[in-house]
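The values are calculated or read from the model by the stated rules, or taken from the named source; none is laboratory data. Everything quoted here is computed from the prediction, not taken from an experiment. Here the Cβ positions follow ideal geometry from the backbone for every residue, glycine too, while neighbour counts run over all protein chains shown.
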Amino acid sequence: MQAAFNGNGALPLALSELREGEKGVLESLDLPEEFASRLMELGFIPGHPVAAGKSAPGGDPRIFRVDGSEIALRRETCSHILIRAHA
Amino acid sequence: MSELHSLPHGPKRPATAVLEPLREPVGAAGHRVIALVGPPNSGKTTLFNRLTGLRQKVANYPGVTVDYHVGQMILNSKTLDVVDLPGVYSLTPRSEDEQVTHNILHGLTDGMRKPDAVLLVLDATNLSRHLMLAAPILAMGIPTLILLNMADELRRRGGDVDTEALANQLGAPVARISAASGEGLEVIRGFLAGTVALPRPVELPILGSVPACRQWAGSMSRAAGYQSPNAPVWTRRLDALFLHPIAGPLIFLVVMVLVFQSIFVVAQPLMDGVEALIASSGEFVRTLLPGEWLKSLVVDGVWSGVGSVVVFLPQILILFAFLGVLEDSGYLARAAVISDRTMARVGLQGKSFIPLLSAYACAIPAIMATRTIESKRDRFATILIAPFMTCSARLPVYTLIIAAFLPDREILGKFLGLRALALMGLYLLGFLAAVATAWVLNSSVMKAKKRLFTMELPPYRWPTWQSIGLRLLDRSKVFLRRAGTVILAVSIGLWALASLPLVDGHAPPIEDSLAGTLGRTVEPVIRPLGFDWRIGIGLVTSLAAREVIVGTLGTIYGIEGGDESSMGLQQALRQNLDLPGAIALLVFFAFAMQCLSTLAVVRRETGGWKFPAYQFAYMTGLAFVSAYFANHITRFLMG
């Protein structure tokens, strides 16, 4: 996935770079099909908004608010999920 | 990846495949099967308990139901089988528990007919996402009632939905309920009896991908005027505290200390009461029975054997009450997230934490609970280490030995006593053995591969008295049933072995009896651990189940003590075990695999004897070696 400006004028970045309280819109899931489907079932669907919440002590895993739920993901997984940040 | 971006509407399904209205009441032909389906943590089990009155464990974290459970409900004097299924996000199975649901719904499970009707339980507070499951379920063509559960919470948090509009969109009846409060449940009976008006069937699209499914679900909920609820304010506040980098772990520690302390302090008067009751009733029964032999069998054998185990019921119930509150409130899901990083270091994950924590109660449900773990490798690793966690069957053994050998001294005032500290140490020891084993597995034969960790965090909810109460009742039944079967049988068998062969028509001194011979046969092997032949008998009988050793010692000392059996188990134990031997015995029980039921479950879950055989050899070997060192090191330190 290459970094490029898109129509909304926001840079795509990894979900892991979102700080607590920040929001973004999911862009793509750069993960094996099986993992991607499970994450989409949990609400991580491209085009949907996502907000970063608290994290476990030590900063990993992190909790995200997505599609009405709070889901914890490992930092490693987040680094493969691309989002457009709200400017 | 590209198909993830496009949101295609699939071709329309032909109208004939659409859900047909029930022509006759579902209950008319007797024993019809009703399946409860829904996403994890949507309240299926609570509803199941409501409908069937059966005790089925409920908790507030996703993945509590890992196998299907069948209960009965009566409708118009006909019996219906209600099946509670593990939660699924879709009908594409990705873990063992989801496979169970998939197989039942498709009629692929032996001895279980394909469901005649489905109750689709969705969380009303998260309807847009949960409606995704409606598409594949309705497509199966089984008569379905859609239940929007937790309707009271939706209302309280300012959300709303038009059920009639939704029913017309989906072509299936929809109702708002609250399984926890019992609100709106009459509609289920009406639906099953065929008296609920069904909306006109509609054509539903076939949806090929998750985004397409989600888009459809969104359009359905929009058409039904769904207003999602406000954010759960209290959950946010509590998480700010429980997930705080410093306060969070501290609170966890304080909670754990409280649990262990109360196991001793709160349970003690109750246990003393039960003990006194058993002792006086035993003496009373003695006066009623004719003949020395019968008196000896019933009072010295059965009463001391079974009674010495029953005494521990209050402690076990307190432990289960605490675990129940932690589970039902939603705190455990947070604990799983907090623990994930630590677990990952030894090749496990946060999802392993919940089975491991429930293994503190009993390894058997814990091993079943590993079914929520998608990765097979992680699942087997968790199964292998789960029996190291201190299960409630070890509790009677631990507390007996601790109370017999350690003084009741305060360490931090009233807050923490020496005995509670020793007990915590033993719990920690089992945990460390589990972690060390996981680490060894991860760095040798079972290397962890890359996998996904996800954990849904439910809002905090008040545990209900009903749920906790039912669970304690259920636990008491299990515990007493075991005392009434396994321990009763062992007590009688042991009494016979301890009373034979007859010498001049009388029972021999116990060391010359068959049981004594057995004990003395194993004595050379266990002598290095600091145990004598009496403990040896207990070790042999406790291979069936750990707490059996308490009953066994109760029986042995009961027979040996004869009329002076009022001496009590603790005092009797002190006479033939010294402190190093006692510590070695504690260590032995912390590690040894002494539970036939667990081995049987491991065999079933792993599909062969290989895993249970390794597990038994490894754990019991480790127990032997560690007890040896514990005995000798303590002896050396004591001079």
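Brief remarks on what is shown
- When the criteria are applied in full, B:Arg32 fails the requirement of being at pLDDT below 75 and either surrounded by fewer than 20 Cβ atoms within 10 Å (Cβ to Cβ) or over 27 Å from the mean Cα position of the chain (by Cα) (or both).
- Tabulated pairs, the stretch B:82-94, first more than 11 Å from chain A (Cβ to nearest Cβ), second in a loop (DSSP other than H, G, I, E, B) and of a type in the set (Ser, Thr, Tyr), C-beta under 6 angstrom, 6+ apart or interchain: B:Val83/B:Tyr68; B:Asp84/B:Thr65; B:Leu85/B:Tyr68; B:Pro86/B:Thr65
- The residue that is surrounded by the fewest Cβ atoms within 10 Å (Cβ to Cβ), counting only those in the stretch B:291-337 that are over 24 Å from the mean Cα position of the chain (by Cα) and among the charged types (D, E, K, R), is B:Glu292.
- Residue in the stretch B:582-600 that is more than 21 Å from the chain's Cα centre (by Cα) and small (Gly, Ala, Ser) present: yes
- Residue under evaluation B:Lys114, criteria (1) within 25 Å of the chain's Cα centre (by Cα); (2) touching a residue at least 12 places away in the same chain (Cβ under 8 Å); (3) outside any helix (DSSP H, G or I), criterion not met: (1)
- If the condition is being of a type in the set (A, V, I, L, M, F, W, C) and either within 14 Å of B:Pro459 (Cβ to Cβ) or surrounded by 17 or more Cβ atoms within 10 Å (Cβ to Cβ) (or both), then the stretch B:241-251 contributes B:Phe242, B:Leu243.
- Residues in the stretch B:428-451 that are surrounded by fewer than 20 Cβ atoms within 10 Å (Cβ to Cβ) and within 30 Å of A:Glu70 (Cβ to Cβ): B:Phe431, B:Val435, B:Asn442, B:Ala448, B:Lys449, B:Lys450, B:Arg451.
- Scanning the stretch B:212-238 for residues that are among the basic types (Lys, Arg) and either modelled with pLDDT under 90 or within 30 Å of B:Tyr331 (Cα to Cα) (or both) turns up B:Arg214, B:Arg236, B:Arg237.
- Check on B:Gly107, over 20 Å from B:Asp160 (Cβ atoms) and out of contact with any Lys or Arg (no Cβ under 7 Å at 6 or more places or on another chain): no
- Which listed residue is crowded, with 17+ Cβ neighbours inside 10 Å and assigned to a helix (DSSP H, G or I), from B:Ile137, B:Ile142, B:Ile146: B:Ile137
- Selection from the stretch B:103-131 of residues that are within 14 Å of another protein chain (Cβ to nearest Cβ) and not polar (S, T, N, Q): B:Leu122, B:Asp123, B:Ala124, B:Leu127, B:Arg129, B:His130, B:Leu131
- Selection within the stretch B:177-210 - touching an Asp or Glu at 6+ places or on another chain (Cβ under 9 Å), surrounded by 16 or more Cβ atoms within 10 Å (Cβ to Cβ) and within 14 Å of chain A (Cβ to nearest Cβ): B:Ser209, B:Val210
- Long-range neighbours under 7 Å by Cβ, at least six apart or interchain, first residue among the acidic types (Asp, Glu) within the stretch B:154-174, second at pLDDT 95 or above: none
- B:Gly417 being more than 21 Å from the chain's Cα centre (by Cα), at pLDDT below 85 and not assigned by TED's automatic domain parsing to the domain that holds B:Val540: yes
- Counting only helices (runs of 4 or more DSSP H) wholly contained in the stretch B:298-384, the ones carrying 1 or more residues that are modelled with pLDDT of 80 or more, farther than 27 Å from B:Gly469 by Cβ and not charged (D, E, K, R) occupy B:331-345, B:350-358.
- Taken over the stretch B:471-524, the criterion of being without any contact (Cβ under 8 Å) to a residue 24 or more places away in the chain, of a type in the set (Ser, Thr, Tyr) and in a helix (DSSP H, G or I) is satisfied by B:Thr485, B:Thr517, B:Thr521.
- If the condition is being more than 8 Å from chain B (Cβ to nearest Cβ) and crowded, with 16+ Cβ neighbours inside 10 Å, then the stretch A:32-47 contributes only A:Phe44.
- Total residues in the stretch B:211-230 satisfying the condition of being facing another protein chain (nearest Cβ under 8 Å) and either touching a Lys or Arg at 6+ places or on another chain (Cβ under 8 Å) or not in a helix (DSSP H, G or I) (or both): the figure is 2.
- Residues that are over 30 Å from B:Pro463 (Cα atoms) and assigned to a loop (DSSP other than H, G, I, E, B) within the stretch B:178-205 comprise B:Gly194, B:Thr195, B:Val196, B:Ala197, B:Leu198, B:Pro199, B:Arg200, B:Pro201, B:Val202, B:Glu203, B:Leu204, listed in sequence order.
- Per the conditions (1) more than 30 Å from B:Gln268 (Cα to Cα); (2) at pLDDT 85 or above, the sole criterion not satisfied by B:Ala422 is (1).
- Selection within the stretch A:58-87 - in contact (Cβ under 8 Å) with a residue 12 or more places away in the chain and within 7 Å of chain B (Cβ to nearest Cβ): A:Asp60, A:Pro61, A:Asp67, A:Gly68, A:Ser69, A:Glu70, A:Ile71, A:Ala72, A:Leu73, A:Arg74, A:Thr77
- The single condition from (1) closer than 28 Å to B:Trp495 by Cα; (2) polar (S, T, N, Q); (3) touching a residue at least 24 places away in the same chain (Cβ under 8 Å) that B:Ser281 fails is (3).
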